[in-house]
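Values quoted throughout were computed directly from the atomic coordinates according to the rules given, and no laboratory measurement underlies them. Model, not experiment: these values are computed from the prediction. Because the Cβ atoms are built from the backbone with ideal geometry, glycine has one as well, and the counts that use them run over all protein chains shown.
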Amino acid sequence: MAKPITGIKRQTVSYEEQVEKDIHEVREAVADNKEAILKGIQLLKALNEGGTLDSAYAFTNAKHEALKNVVNEISKDQYTPLLENLPEVVFLLGDLNVKGLREVTNRLNNGIEEMERTPDDKKTNVLDLAKALKDPEINRSLTLLLQFLRGMGK
Amino acid sequence: MLERDHTVVTINGNEYLAEPGQNLLEFIQSIDESIPAICYNESLGPIETCDTCIIQLNGEMTRACGKKVEAGMRVQTKLPHVHKAQKEALDRILEKHELYCTVCDYNNGSCEIHNTMAEFGLEHQSRPFQPTSYNRDDSGSFYRYDPDQCILCGRCVEVCQDVQVNETLTIDWERQEPRVIWDNDVPIDQSSCVNCGQCSTVCPCNAMMEVGMEGEAGFLTDQEPGLLKKMIGLTKKVETGYGPLFAVSDTEASMRESRIKKTKTVCTYCGVGCSFDVWTKDRKVLKVEPHAESPANGISTCVKGKFGWDYVNSEERLTKPLIRRGDQFEEVEWDEAIAFAAKRMTEIKEEKGADHLGFISSSKATNEESYLMQKLARQIIGTNNIDNCSRYCQTPATKGLFRTVGHGGDSGSIDDIAKAGLVMTIGSNTAESHPVLASRIKRSQKLFGQQLYVFDLRKHEMAKRADRFYQPKSGTDLVWLSAVTKYILDQGWQDKKFLKEWVNGYDEYVQSLEPFTLEYASDLTGIPVDELKDIAKNVAEAKGVAVCWAMGVTQHMRGSDTSTAISNLLLITGNYGKPGTGAYPLRGHNNVQGCSDFGSMPNFFPGYEKVTDDEVRKRYEDAWQATLPAEEGMDNHQMIEAIHNGELSGMYVIGEDTGIVDANINYVTAAFEKLDLFIVQDLFLTKTAEYADLVLPASPSLEKDGTFTNTERRIQRLYKALEPMKGTKPDWEILQLIAKDLGTDWGYTHPSEIMEESAGLAPLFAGVNYERLEGYKSLQWPVAADGTDEPLLFLDGFPFEDKKAKLFPLEFELMYDTNEEYDLHVNNGRLLEHFHEGNMTYKSEGIRRKTPNAFIEISKELAEERGVEEGGEVKLISEAGEATGVVTITDRVRGKEIFLPLNDNGKSAVNFLTDNRVDKDTNTPAYKEIAVKMKVMKKKGKSPIPPNNHRRGNPVPQISVKVQEKWKREDYQFPGSQVRR
């Protein structure tokens, strides 16, 4: 005569039994994954020696807080131009003719060097200018500058 | 001849062969000339709202998705002005949709806006994003709507109006800021929305999204709202160019793949057999995603399949075997439980004989598990006392089909139902019991001129939609069916050619129809003579007739005969073996079909081969190395009777709450109390399990591999999405452990091996194996050894010796009626949102909050007569027992008919009322024949249907999204005419 019942006597496992069971499970898992675990220990060791582990630990603990702080901070208006510029700078780098720029930079450096050698009190009159046009180096600079001006205007 | 079949189209100067009538956009995409397209979806067809697929066709700018391939078309997709028009359309979308992909839960590699923009190479947002003035709608339990991310593509409206055909969603194009609205602009939760979830499935972005995904899918999306908003702001600030944004978000999307598991599974609810990917993160179910290639359902789902999975992680799951000791259960280890089962079964077998044990398989478990249960019964115990719950529902239909056409299953596919010129549903509340299949009929009727005739007591959704709706008196369908058939014959409208070629028993059958005159039928059924004539004419003339029927036919004392009458009518009119025709008994549970197919029947081995057939038995005896019993066993019903008579002492039930779902449960539970051994295997401590001596905790479908067979005879694989919950085991593993303890080691390591064994033994499944069923592939039995299956049966005749079907003569006598004392007729059936006794669906909080309990539907007339109002409480008393419940007053029932959903296991359970009446041929309980008297306990009270139940909503039917109204807006200009050449 089996009457309907709903009461359940739960299996009670003592703390010690549970620990024993869990350890057994972990030991099996360790045995099954020996190689990975040994490598893992090496990785942990390396991270620890480099101090990375401490930082990672600290960051993980404060993950949500840290993200919140960063986001709150860089959301402020004062960063807006910076943020907007960041990708612009990236694109700028992509667009620039770096090879040409390097050449121009070299020339610019030469010019600065030459400029620095010139005494502060040296003067140039109109005649000197006309004469200077004949100097091939000056003529080359002026031609380049004129070409640059033309290009920039396009 | 090639020119006739194919059409030459010139695209960007190259000539291609295309199928005439093919969608032009699909064709362009098929030849790898990529053009952007967002609102277009193959499963939905052209909606023409997004304007992104603009091309130049014969010199004119137009939307590719709106055109069909014609001969000589000249198409340009890349000219500068075409490109410019496409870009304009994309820019307009980005005005409505903010790209913050990395912190968006929809960034899973399949966001169609993201992918389209990336593929088009759009680098900059040309115009600023403009949020709407609307708030997000978070009112629903299952999905939410964000107007600020919605691009108004209208896919959700299309799917709601024309695929699901629930007709809740529209876009109001007339207001200043158009948006998607529910009914007449009410919150999601207050609307007629049935939560089929298809809008969230087809949404190309995160506008309409499953709640389960929110804050779960992404690595960075689980933040408090304020912070998330700031993060969105940040992503926006750095989005000067989309390239880097896409690079970062694509990386994050692929990182998600290692965390979110997507597993193909098959729905565990009704017999339609929807398949989909279930997305899980650890044990959490994030969402269910159906696919266009899901063979039975495509992109469709209902609320149960899309959102009803909470039961899998329910805290009420059993996680330890339980043994009855004294007046309580005690948790024990598996070893002890299995040893107990084996020892007690052996004792009973030795003391009283093998036939003192009975086995009941689960129609919710897999084919492989059904196979193993009958193997355990037959091979190891040595009895044919094995059955399954299809005895409660569809065995009469199977019987009717075996008598006439030889295969006990749907004669075609759901596609054939959708294709039929005339669909008749008889005793089927299709929209609630088989929602996805019903949607196919609703769509065909709404868009393609299919005729729908509904025969039912109750004015349910399909009845309201029907072209013709008849309410024949309960249990008299056989009569009008036979009278209509007779009238067709009298008029000479039968399919003479078909009958001559394919059908036997004509003369005898025609004679048997003598009594079924129109007058007699009209008298008994209440359908007027003229109407009957009209039905006959339309059935005879229709281009393909498909008849769907369910419990309203089978759960009567003449359930098998009525099913036979349906088949007779189809034979007379030649409606077998052609596309768009046939008989469709709609199977109730996910695996009602498969559970019987794979041998859990007292008279059949797998594949419907008789246990009494010596040759067949020999085959199994050789394979199983055992002597098998040669006599038919007991079915469910006989088992219960046998317990009362002291002829059955032990019973093993898997996944079936017999004590709730069998008829006359007072009688059934009294039997349980008499058992010497009662083993119940289930997810929960069900009402039935409360009587058990041993309860074994099983794993549900998501936690195992296997196959299910749907109503179309379609065998589909399910893959393990989750590990079995700790302490539980899949049924096949449990069965194998018991067999081993009883001395036979089956040695299966995977369900595929069980299928292999079964396919090798049962000719019906000869070619079935797991490789042929991989992923979304499926097979519809019979499957030949080379893997050829039969989506449409009877193309080469019927499975009888001379390949001819048989007309089966019938008689009728009315055996049931209400009387003076028991003056009300109780009808019962399913609710859309609950399944069966509710053990699974009531675990879903979202479903519970909208439909917390069953209710009793009574008519206005009856309510007035008995002085009861909405929310009142009544007691229904039948000869077998009584049930009480809360009343709702509705026009779905009329006069003295009452409806009680079967989805309740409390005091409203309908089976307190049912008695021992059965179908005379199959012993299926006549659940639908209950006469009761009603006592009013409380005059009125709180309505049992909450204000947020979809039944209170007000749908707004229309066809598609009405894009013409968008085009008419003053602020709209076609991007193709906006760009200068």
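Couple of notes before you dig in:
- Rounded to the nearest 20, the size of the Cβ-charge dipole of chain A about its Cα centre is 560 debye, with Lys and Arg at +1 and Asp and Glu at -1.
- Two-decimal ratio, segment B:176-307, of alpha-carbon radius of gyration to 2.2 N^0.38 Å: 1.23
- Candidates A:Asp128, A:Asp32, A:Asp54, ranked by Gaussian network fluctuation over chain A, Cα under 10 Å, top entry: A:Asp128
- Angle between chain B longest axis and helix B:665-674 axis [Cα atoms, degrees, rounded to 10]: 60 degrees
- Volume in Å³ per residue [convex hull over Cα atoms, computed for segment B:2-257]: 143 Å³
- Relative contact order %, segment B:36-182, counting alpha carbon pairs below 8 Å whose residues are six or more apart: 21 percent
- The simple Förster model, with R0 at 35 Å and r as the Cβ-Cβ distance, assigns A:Leu86 and A:Thr124 a FRET efficiency of 0.20.
- Scanning chain A for DSSP H helices at least 24 Å long along the axis (C-alpha atoms) with a Kyte-Doolittle mean no lower than 1.6 picks out nothing.
- Shape category assigned to segment A:1-77 from the gyration tensor of Cα positions, a/c cut at 1.5: oblate
- Rounded to whole numbers, the Karplus 3J(HN,Hα) couplings from phi for segment B:920-935 are 5, 9, 10, 6, 6, x, 7, 4, 8, 10, 10, 9, 9, 10, 10, 10 Hz, using 6.51 cos²θ - 1.76 cosθ + 1.60 with θ = phi - 60°, and x at Gly and Pro.
- Largest to smallest principal axis extent of the C-alpha atoms in chain A, angstrom: 127, 39, 30
- Size descriptor for the protein assembly as shown, Kirkwood hydrodynamic radius: 33.6 Å (Cα pairs only, one decimal).
- Helix-only mean residue ellipticity at 222 nm for chain B, each DSSP H run of n ≥ 4 adding -39500 (n - 2.57), per residue, nearest 500: -8500 deg cm²/dmol
- For chain B, averaging the sequence separation of C-alpha pairs within contact (under 8 Å, six or more residues apart) and dividing by the residue count gives a relative contact order of 15 percent.
- R0 of 25 Å, Cβ-Cβ distance B:Met815-B:Glu350: FRET efficiency to nearest 0.05: 0.05
- Taking all C-alpha pairs of segment B:250-370, those more than 25 Å from each other amount to 50 percent.
- Selection from B:Leu227, B:Ser275, B:Ala85, by position along the positive dipole direction of the protein assembly as shown (Cβ): B:Ala85
- Axis angle, to the nearest 10 degrees, between helix B:731-741 and the longest C-alpha principal axis of chain B: 40 degrees.
- Three-way shape call for segment B:824-948 based on the alpha-carbon gyration tensor, with the a/c threshold at 1.5: oblate
- Separation of the B:Asp614 and B:Lys875 label points, Cα + 7 Å toward Cβ, nm: 6.0 nm
- Between B:Ala630 and B:Ala670, the modelled labels are 3.8 nm apart [label points 7 Å from Cα along Cα→Cβ].
- For the residues A:Gln18, A:Gln78, A:Gln42, a GNM of chain A with alpha-carbon springs under 10 Å puts the largest fluctuation on A:Gln18.
- Cleavage-rule hits (chymotrypsin sites (Phe, Trp or Tyr not before Pro)) in segment B:353-434: DSSP loop, at most 12 neighbouring Cβ within 10 angstrom: none
- Inter-label distance, nm, simple model (7 Å from Cα along the C-beta direction), A:Gln147/A:Leu47: 5.7 nm
- Per-pair calculated FRET efficiency, R0 = 41 Å: B:Ala785 and B:Ser139 via Cβ, rounded to 0.05: 0.15
- Counting only alpha carbon atoms, the long axis of helix B:242-257 and the longest principal axis of chain B meet at about 20°.
- Average other protein chain Cβ within 10 Å of Cβ, residues A:6-15: 4
- Relative contact order of segment B:824-948, pairs being alpha-carbon contacts under 8 Å that are 6 or more residues apart, as %: 37 percent
- Restricted to Cα atoms, chain B shows a radius of gyration and a Dmax of 29.5, 95 angstrom.
- Cα shape, segment B:768-835, gyration tensor, a/c 1.5 rule: oblate
- With neighbours defined as other Cβ atoms within 10 Å of a residue's Cβ, the residues B:Arg587, B:Arg63 order from fewest to most as B:Arg63, B:Arg587.
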